[in-house]
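J.: Here you go, one structure.
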Amino acid sequence: MKAGDRDRVGALRLILAELQRAEKDGGDDEQAVLRRERKRRRDAEAAFREAGRTELADKEAAEGALIDAYLPQQLSDEELGVLVQAAVQETNAQSMKDMGGVIKHVMSAAQGRVEGARVSARVKEALQA
């Protein structure tokens, strides 16, 4: 903090405020708060890039990367594929109607180490095959 990195300090203060708010409200655990904040940063980055505001998009991307440093390592595509196949077999999923149950199973097995959009896409591939 003494290095004078104002952007990093500002981002850490925002994250700390969200963590304290969640603790006060008795809501999500720390990792859930960090995942939610990372998603907000990614969404904001995409919106800024779409609007041609690259300087703000870069700031949001840097904040997202900072939050990533405090989260567990994301599952690789191979690890996710294994989890999806196991979930399809365990739930006896046959069609797209069973997609919700498979996603729920994968998300609980992944323990927050994968984004829902990635899981949804992989489950959809597996059930359509």
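The values are calculated or read from the model by the stated rules, or taken from the named source; none is laboratory data. Note that this is a predicted model, so its numbers are computed, not measured. Because the Cβ atoms are built from the backbone with ideal geometry, glycine has one as well, and the counts that use them run over all protein chains shown. Note: areas computed on protein heavy atoms with side chains; ligands, DNA, RNA excluded. Shrake-Rupley method; radii C 1.70, N 1.55, O 1.52, S 1.80 Å.
J.: Going residue by residue through the range 1-11, is there one that turns out to be within 17 Å of the chain's Cα centre (by Cα), at negative phi and outside any loop (DSSP other than H, G, I, E, B)? Can you show your working first?
T.: Step one: filter the range 1-11 for residues within 17 Å of the chain's Cα centre (by Cα), giving none.
For the range 1-11, residues within 17 Å of the chain's Cα centre (by Cα), at negative phi and outside any loop (DSSP other than H, G, I, E, B): absent.
J.: Six or more apart or on different chains, Cβ under 6 Å: which pairs go from a residue in the range 1-17 that's open to solvent by 40 Å² or more (accessible area, probe 1.4 Å) to one that's at pLDDT 85 or above? Could you list them?
T.: As it stands, the answer is Met1/Val9, since those pairs meet every condition given.
J.: Looking at Glu37, is it open to solvent by less than 60 Å² (accessible area, probe 1.4 Å) and over 22 Å from Met107 (Cα atoms)? Spell out the reasoning first.
T.: Working: open to solvent by less than 60 Å² (accessible area, probe 1.4 Å): yes; over 22 Å from Met107 (Cα atoms): no.
Considered against the rule, which asks whether it is open to solvent by less than 60 Å² (accessible area, probe 1.4 Å) and over 22 Å from Met107 (Cα atoms), Glu37 comes out as no.
J.: Find the helices (runs of 4 or more DSSP H) located wholly in the range 15-129 whose residues include 1 or more that are closer than 30 Å to Asp5 by Cβ, and list them.
T.: Values: elements: 30-50, 54-68, 77-91, 99-110, 116-128.
Per the criteria, 30-50, 54-68.
J.: Residue check: is Glu60 without any contact (Cβ under 8 Å) to a residue 24 or more places away in the chain, more than 21 Å from Lys104 (Cα to Cα) and open to solvent by 70 Å² or more (accessible area, probe 1.4 Å)?
T.: Considered against the rule, which asks whether it is without any contact (Cβ under 8 Å) to a residue 24 or more places away in the chain, more than 21 Å from Lys104 (Cα to Cα) and open to solvent by 70 Å² or more (accessible area, probe 1.4 Å), Glu60 comes out as no.
J.: Let me ask something else. Could you check Gly52 against (1) over 30 Å from Arg8 (Cβ atoms); (2) open to solvent by 30 Å² or more (accessible area, probe 1.4 Å) and say which number it fails?
T.: Going through (1) over 30 Å from Arg8 (Cβ atoms); (2) open to solvent by 30 Å² or more (accessible area, probe 1.4 Å) one by one, Gly52 breaks only (1).
J.: Something else: Identify, from the list Glu55, Glu79, Glu37, the residue that is over 17 Å from the mean Cα position of the chain (by Cα) and of a type in the set (Asp, Glu). Steps first, answer last, please.
T.: Details: Glu79 fails: over 17 Å from the mean Cα position of the chain (by Cα); Glu37 fails: over 17 Å from the mean Cα position of the chain (by Cα).
Going through Glu55, Glu79, Glu37 in turn, just one is over 17 Å from the mean Cα position of the chain (by Cα) and of a type in the set (Asp, Glu): Glu55.
J.: Are there any pairs, at least 6 apart or on different chains, whose C-beta atoms fall under 8 Å, with the first in the range 104-116 and under 14 Å from Leu71 (Cβ atoms) and the second polar (S, T, N, Q), and if so, which?
T.: Gly112/Gln31; Arg113/Gln73; Arg113/Gln74; Val114/Gln74; Glu115/Gln74
J.: Something else about it: Quick one: which of Ala93, Ala87, Ala65, Ala126 is of a type outside the set (Val, Ile, Thr), free of Cβ contacts under 8 Å to residues at least 60 places away in the same chain and open to solvent by 50 Å² or more (accessible area, probe 1.4 Å)? Explain how you work it out, then say what you get.
T.: Numbers: Ala93 fails: open to solvent by 50 Å² or more (accessible area, probe 1.4 Å); Ala87 fails: open to solvent by 50 Å² or more (accessible area, probe 1.4 Å); Ala126 fails: open to solvent by 50 Å² or more (accessible area, probe 1.4 Å).
The match here is Ala65.
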